[in-house]
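K.L.:
The structure is given below, and queries will be raised subsequently.
The values are calculated or read from the model by the stated rules, or taken from the named source; none is laboratory data. Keep in mind it's a predicted model, so treat the numbers as computed, not measured. Cβ atoms come from the backbone with ideal geometry, glycine included; neighbour counts cover every protein chain shown.
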Amino acid sequence: MRVWTWMIKKITLTVVLWFLTVSITILIILATPGNPALMLLTGFLQQGIPYNQAVEMVRAYIGFSPNEPIWVSWLRYVRGVLTGNLGLSITYRIPVSQLIAGALPWSIFFTTYSLSLTVALGVIIGLAMAYYREKALIIRAAMGLLTIFNSIPNWILAAILFVYVGARWKLLPYTGAFDPGMSPEANPLGFIFSVLHHYTLPVITMVITSLPSWAFSMSAMAASVLKEDYVTAAKARGLPSRRIILSYVAKNSILPIYTQIAISFAWLLVGTVWIESQFLLPGLGSLLSVTTGSRDYPVIIGVYVIFITAMILGNLLTDLTYGLIDPRARVEEE
Amino acid sequence: MSENVIEARNIVVRFYISTSFLKRRAFNAVDNVSLEIKEGSIVGLVGESGSGKTTLGKVTLDLLKPYKGDVLFRGKSIYKMSKEEYLKYRLNAQYIPQDPYGSINMFKRVGEALLDIVMYHHLAPDRKEAMEIVRSVMNSVGLTPPDRYLNKYPFQLSGGERQRLSIARALILKPAYIVADEPTTMLDASLKANLVKTLRDMVKDLGLSLLYITHELTLLQYFGPDTEVAIMYLGKILEKGTIKDIMLDPIHPYTKALLAAIPVPDPKERYTRKIMLKGPAPSPLNRPKGCVLSDRCPFAEPICKKEEPLLNEISPNREVACHLFG
Amino acid sequence: MRDVLVEVRDLDVYYYNIKVLSKVSFQVYKGEVYALVGESGCGKTTTANAILRILPEIARVGEQSVINYYLENGDCINLLKMPEKKFSREIRWREISMVFQGAQNSLNPTLKVKTHFFETAASHGIMDKEEVYRRAYELLEAVKLDAERVLNSYPIELSGGMKQRVIIALALFLNPRFVILDEPTTALDVLVQREIISLLMELKKQFDLTYMLITHDIALVADIADRVAIMYAGRIVEESSVENIFYDPKHPYTIALLNSVPKIGDFEKLPEGLPGSPPDFKNLPRGCPFHPRCKYAMEICRKLEPSLIEMGDRRIACHLYAEEVSEE
Amino acid sequence: MRVVNFSYSGRASWAKLAIKVIKRSPAALMSIFILSLYIAASIAVVIGLVPPLPPARGGWQNIYRPPSLQDFPWYILGTDFTGRPLFLAIVRGAPSALLIAFLSALITVTIGTLLGLASGYIGGIVDTILSTIIGVALVIPTYLLSLILVIILPDELKTNPFVLAATLSITSWASLARAVRSQTLSLKKRDFIDVARTLGFSSFKIMFGEIFRYMAPFVAMSLILSMTGAIYGYTGLAFLGLMPMTSDNWGVQIFAAIRAGGALFSDRAILALWSPIIVIVLLQYSLINIARVMEEILNPQLRLELLGEE
């Protein structure tokens, strides 16, 4: 019974958090000078549309109108989000929710694919760095290399790989998510292979730039766990070092940095804005970067709300699975 | 001016553990306990971990608000004091914690930490004067020569030296009342004796009163045979008396069990001692009704399980809470 | 001559290049409780870790140090020279096991108690789950625990006293002949201490064990030890039977240690502790390391370090007694 | 009350410390040198040692001209997408990058520490409110929100360093606040806080005199690390074309090199592509190394171990 109540507590907290986050962001956007609704209105007026019709159009597109008080627009927008109506896109003139529905799966696929690789590699490298520490020269070299990777912004790496590995040397596909000829119905296996092939370069960009933080925190955590009494006790009991590394050092190190998964998920999701647009991949990131150019506010804010929802779900998922893995979390909270 | 510097009356301290989503269960870490500390005297508070002795100590220092009960400083309740009166009480009640590592801010140099206190309370007109106070208090606790320690960080000191710094910090404001919470537990035997000697001289020379919290009964002997002692178990005081009476003529079964369990540094005594109490101590959450020891006491009778025995005086300043001696 | 189980000869240990153990030599006889006593930082735990070869990486053992262990069939092997794999498989936990000082933190917080037993058995080639579960159940009953519940709970759900008992059960799991007890009772209350001590003595009889007790608690030594070695600054300064040490102590440090322990009833005499501060390994004084704090320090003590010499049924390292031995 | 530093060996120990740090990690020395170059460049620009950018000269023949020695040193990297000297544009970009990075880091660290300390130490209803705010801010991705705000902000506000720094650190203080809060909670239970209270210290003094002193090394390190975050955001937004093309933002140079300069296929704009990249990566690299060494220098325990006085 205890685990169940703990879950309900977590879920209710998350829903409240979601509502608060969406509302606060909308309020910030509305409060900043140069309110998007006003921008739209001036645009329409310049096209000679009469005032009240223009106000009507603005409300249809963006969901809140320029002259009403902030909290009225806020209320209307939140109600719209709950009913799935995020307004109309100015550039494409189709409901924002449809645009997002098309782009969301790609971004989720891309982010989780990169996240799992980053975490896996980060944990392995972190463990190796802690276990061999200063002894092996390659570990010191790895430290140096990781620091360099850590200092390259992912959008710069994307640009370099795009220009050289993609455009110049044509080693890997560098535009689009799959070969134009392929279609999931005709040849599902070929389609999947082509998608994976197209996503190699973007995933490499994501993994290389977010791997260092994982490797460093993992190796710091593992180094401190190695000093714990229960590791010496395990060695004294004659446990093979393979067993000690896995179920003693790895297991006890991953737990404290497990919550970092949610943060990495958020970091990768935001990274899609640069990476997807650089490699012309379909997804929320490229949708956002395209519409920023044309100031398509309804889409921008709609994508933004979906991003936040994805991140909050990511947090919830990590908290729930964390509780299952580590008994201490459940017991401690009581 | 009543002759008690600190008096705790019917103190109840309630802690809560959240058992499920909204429900939480309360338990009394300290349950209706009274304690008087006369001016310039030493009182020993003895008990195992979880007995509530540290909690009671903290209540007398106003570090913890009791659920019920009152604490009086020189006859006046500290909860009904004016700002000036409370400040006077505050500066007169100091604390020496147990763990030498956790009780000192490791990033402040020794001299700087002590000087900070003096300057904060404007005990001296200028820095030179203040340094004199700092040096004299360091000498009085055995951190000699002071200049060797002024620039050191606490982690550069040994356990014993750190405890002496802790005492110096408590003394610098010349308080009337100090609570020492097991200051010697983390130290080796030889250092324990030196520290207890310093504490004893401090009480004699400065005429301040000391509440000495410990689980080592034998250490209290060094404060002189007529030191007041109270034995605590699961939030209740079971026996009060001078250390001489307690050691040589224990009355309450729990005190007897405690004395029986203390290892004696003499191989001949080896096979004479047996375990008196049955089973492990229950957690404070499910304390037995009636007498708290009723579930483990070899002499328990039906009445012990029903009615809680009250502390009553069986001879001059000798009190016991047990139906067998009521 | 009683048969020896473990013999340590000239054990030197260095942390980086600081010497923390200097020519430690002693013998532990089968079936006795041999106590290594000293204040914190004197090297007693380092000696135990050297025997079980779990010294930290920064530690180095001297070349000519020897730790001989006498197996059941009589032949004797130098534990320091054994290859790691063979040592791990045959000696660790099958012959020698250890109850650690921080018992509270010796169990893996993310594994259930029973997993600890399974993995220890598996790493010594015992795969039969039922057999392992039955043996673990039996041992936990022997240490007076509710075996069923404890086996299936996580370490965090157990109290300090219960964790201590689980550690003891785990130490006896592969029927070792020699068990090292490193400060088995320090973190426990006096009543719980009493129970653990009597439990350990019962188990010693029941499983015919030999104990090596590491502690700073003089009273505990008087309670259960047969022979006692007093250690100071990484050296054994005096070693003899428990009666000799308590009723006829010779070395000034032993005398000071005994005097600093309170006895029930001595209200008047305040124990005189030791002046000065504990030894600092980085700059140990020349000659006998104890001479700065010793009342009887002589000129020779400041120049020449006394070696551990036989004196009747006692071994002592102190210049006060050097002439006596040479006269005999 | 500023207490005079007791260690009369002040000068000597800091010098010895510097040598020890360098011996331990040569990268730290290199990073300090690199950072001082950036700072020197920024000061030079601010006090006018560096000439202003000449007027833009469009036309295919003017942009991305090869390096030349004409009025040395500004043309050594040739010209950029506006026909002006590339090296001069990059040097003139230094002050705004450093200023915005430092300002944004300052905002992040101040809010983060204050909120973390207050909610951790005061507890109760204050803690619940502040932790909800921290919880919300944790979920809102800084760069996304600043991206939107930058779109909405009118141009003249967009290039104002204070406004830009504020937008870049709108929620970046959240993770620091959470770390400071959990550290405060654990420190609050330690005995030396109880002692501070019996010594009559005010909550303010305890929070800043005792608790913050423990966290100072960590906060200093976070200050520098959040500078790298701000630089990432500042140049990244420009790379998305959200900054006015006139601004001296290094990201604009890279954006132009790829979009306008045809870096995709020709090497003509190769210098315009790689020089801003190297300038940004070097700055981030040196900041990360300095942050790592910062902890060792400011934490007295680690510092003394380093100096061997331990």
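K.L.:
Quickly run through segment C:92-114 and pick out the residues that are free of Cβ contacts under 8 Å to residues at least 40 places away in the same chain and more than 8 Å from chain A (Cβ to nearest Cβ).
P.N.:
C:LYS114
K.L.:
A follow-up question, please. Take the conditions more than 28 Å from D:LEU147 (Cα to Cα) and surrounded by 23 or more Cβ atoms within 10 Å (Cβ to Cβ) and apply them to A:TYR248. Does it pass?
P.N.:
yes
K.L.:
Okay, moving on. Can you pull out the residues in segment B:92-139 that are among the aliphatic types (A, V, I, L, M), modelled with pLDDT under 90 and farther than 27 Å from B:ILE213 by Cα?
P.N.:
Result: B:LEU123, B:ALA124.
K.L.:
Report, by residue number, each residue of segment D:205-242 that is modelled with pLDDT under 85 and either hydroxyl-bearing (Ser, Thr, Tyr) or touching a Gly at 6+ places or on another chain (Cβ under 7 Å) (or both).
P.N.:
D:GLY241
K.L.:
For residues that are farther than 17 Å from C:GLU7 by Cα and among the β-branched types (Val, Ile, Thr), scanning just segment C:40-59, find the one that is farthest from the other protein chains (Cβ to nearest Cβ).
P.N.:
In this case the residue turns out to be C:ILE58.
K.L.:
Here is a follow-up. Would you mind listing the helices (runs of 4 or more DSSP H) fully within segment B:124-242 where at least 3 residues are surrounded by fewer than 19 Cβ atoms within 10 Å (Cβ to Cβ), at positive phi and out of contact with any Lys or Arg (no Cβ under 6 Å at 6 or more places or on another chain)?
P.N.:
Here the list is empty.
K.L.:
Go through segment D:150-160 residue by residue and tally those that are more than 7 Å from chain A (Cβ to nearest Cβ) and either of a type in the set (Asp, Glu) or under 18 Å from A:GLY285 (Cβ atoms) (or both).
P.N.:
Going through segment D:150-160 one residue at a time, the tally reaches 3.
K.L.:
Return the total of residues in segment A:124-147 being surrounded by 15 or more Cβ atoms within 10 Å (Cβ to Cβ), β-branched (Val, Ile, Thr) and without any contact (Cβ under 8 Å) to a residue 60 or more places away in the chain.
P.N.:
Of the residues in that region, 1 qualify.
K.L.:
Further, regarding this structure: On the given criteria, is D:LEU147 assigned to a helix (DSSP H, G or I), within 12 Å of another protein chain (Cβ to nearest Cβ) and touching a residue at least 40 places away in the same chain (Cβ under 8 Å)?
P.N.:
So D:LEU147 passes the test.
K.L.:
For segment C:281-319, give me the residue count where each residue is among the hydrophobic types (A, V, I, L, M, F, W, C) and either within 25 Å of B:SER158 (Cα to Cα) or surrounded by fewer than 18 Cβ atoms within 10 Å (Cβ to Cβ) (or both).
P.N.:
11
K.L.:
Same structure, new question: Which residues, counting only those in segment C:218-245, are assigned to a helix (DSSP H, G or I), surrounded by fewer than 21 Cβ atoms within 10 Å (Cβ to Cβ), in contact with a helix residue (DSSP H, G or I) (Cβ under 7 Å, 6 or more places away or on another chain) and touching a residue at least 24 places away in the same chain (Cβ under 8 Å)?
P.N.:
C:VAL242
K.L.:
May I ask you to list the residues in segment B:58-82 that are of a type in the set (Ser, Thr, Tyr), free of Cβ contacts under 8 Å to residues at least 60 places away in the same chain and out of contact with any Lys or Arg (no Cβ under 8 Å at 6 or more places or on another chain)?
P.N.:
B:SER77, B:TYR79, B:SER82
K.L.:
With respect to the numbered conditions (1) assigned to a helix (DSSP H, G or I); (2) over 30 Å from A:LEU255 (Cα atoms); (3) out of contact with any Leu (no Cβ under 7 Å at 6 or more places or on another chain), which one is the sole condition not fulfilled by A:GLU68?
P.N.:
All conditions are met except number (1).
K.L.:
Restricting to segment C:14-71, what's the tally of residues that are among the aliphatic types (A, V, I, L, M) and touching a residue at least 60 places away in the same chain (Cβ under 8 Å)?
P.N.:
Residues that pass the stated criteria total 13.
K.L.:
Only residues that are part of a strand (DSSP E or B) and buried (at least 16 other Cβ atoms within 10 Å of the Cβ): list them for segment C:30-60, please.
P.N.:
C:VAL33, C:TYR34, C:ALA35, C:LEU36, C:VAL37, C:ALA59
K.L.:
Report, by residue number, each residue of segment D:258-298 that is touching a residue at least 60 places away in the same chain (Cβ under 8 Å) and outside any helix (DSSP H, G or I).
P.N.:
D:ALA260, D:GLY261, D:ARG268, D:ALA269 - these are the residues of segment D:258-298 that are touching a residue at least 60 places away in the same chain (Cβ under 8 Å) and outside any helix (DSSP H, G or I).
K.L.:
Pairs under 7 Å by beta carbon, first residue in contact (Cβ under 8 Å) with a residue 60 or more places away in the chain in segment B:206-227, partner part of a strand (DSSP E or B) and of a type in the set (D, E, K, R), six or more apart or different chains?
P.N.:
Pairs found: B:SER209/B:LYS38; B:ILE213/B:ASP181.
K.L.:
If I ask for residues that are within 14 Å of chain B (Cβ to nearest Cβ) and under 18 Å from C:VAL37 (Cβ atoms), which ones from segment C:202-213 would you list?
P.N.:
C:LEU213
K.L.:
Which condition number in (1) free of Cβ contacts under 8 Å to residues at least 12 places away in the same chain; (2) buried (at least 20 other Cβ atoms within 10 Å of the Cβ) is the one that C:PHE117 fails?
P.N.:
Going through the list (1) free of Cβ contacts under 8 Å to residues at least 12 places away in the same chain; (2) buried (at least 20 other Cβ atoms within 10 Å of the Cβ), C:PHE117 breaks only (1).
K.L.:
Of the conditions (1) in contact with a helix residue (DSSP H, G or I) (Cβ under 6 Å, 6 or more places away or on another chain); (2) buried (at least 18 other Cβ atoms within 10 Å of the Cβ), D:PHE201 fails just one. Which one is it?
P.N.:
(1)
K.L.:
Residue under question is D:GLY93, and the condition is that it be farther than 30 Å from D:TRP60 by Cβ and in contact (Cβ under 8 Å) with a residue 40 or more places away in the chain; does it hold?
P.N.:
no
K.L.:
Being more than 9 Å from chain B (Cβ to nearest Cβ), hydrophobic (A, V, I, L, M, F, W, C) and not in a helix (DSSP H, G or I) is the filter here; which residues of segment C:246-292 pass it?
P.N.:
Hits for segment C:246-292 are C:LEU284, C:CYS288, C:PHE290.
K.L.:
Something else about it: Please indicate, with yes or no, whether at least one residue in segment D:187-202 is hydroxyl-bearing (Ser, Thr, Tyr) and in contact (Cβ under 8 Å) with a residue 60 or more places away in the chain.
P.N.:
So in segment D:187-202, the residues hydroxyl-bearing (Ser, Thr, Tyr) come out as D:198, D:202.
Filter again for in contact (Cβ under 8 Å) with a residue 60 or more places away in the chain, leaving none.
Scanning segment D:187-202, I find no residue that is hydroxyl-bearing (Ser, Thr, Tyr) and in contact (Cβ under 8 Å) with a residue 60 or more places away in the chain, so the answer is no.
K.L.:
Might you check whether a residue that is under 15 Å from C:CYS42 (Cβ atoms), surrounded by 20 or more Cβ atoms within 10 Å (Cβ to Cβ), touching a residue at least 12 places away in the same chain (Cβ under 8 Å) and within 13 Å of another protein chain (Cβ to nearest Cβ) occurs anywhere in segment C:170-180?
P.N.:
Looking through segment C:170-180, none of the residues is under 15 Å from C:CYS42 (Cβ atoms), surrounded by 20 or more Cβ atoms within 10 Å (Cβ to Cβ), touching a residue at least 12 places away in the same chain (Cβ under 8 Å) and within 13 Å of another protein chain (Cβ to nearest Cβ).
K.L.:
Still on this model: Looking at this structure, is A:ALA54 among the small types (Gly, Ala, Ser), in contact with a helix residue (DSSP H, G or I) (Cβ under 9 Å, 6 or more places away or on another chain) and either more than 23 Å from A:GLY285 (Cα to Cα) or in a loop (DSSP other than H, G, I, E, B) (or both)?
P.N.:
When the stated conditions are applied, A:ALA54 passes them.
K.L.:
Can you tell me which of D:ALA269, D:ALA256, D:ALA260 is surrounded by fewer than 18 Cβ atoms within 10 Å (Cβ to Cβ) and more than 9 Å from every other protein chain (Cβ to nearest Cβ)? Don't jump to the end; show me each part of the working.
P.N.:
On the way: D:ALA269 fails: surrounded by fewer than 18 Cβ atoms within 10 Å (Cβ to Cβ); D:ALA256 fails: surrounded by fewer than 18 Cβ atoms within 10 Å (Cβ to Cβ).
Just a single option satisfies the conditions, and that option is D:ALA260.
K.L.:
I'd like to know if segment B:261-269 contains one or more residues that are surrounded by fewer than 21 Cβ atoms within 10 Å (Cβ to Cβ), farther than 30 Å from B:TYR89 by Cα and more than 11 Å from chain C (Cβ to nearest Cβ).
P.N.:
Scanning segment B:261-269 turns up no residue that is surrounded by fewer than 21 Cβ atoms within 10 Å (Cβ to Cβ), farther than 30 Å from B:TYR89 by Cα and more than 11 Å from chain C (Cβ to nearest Cβ).
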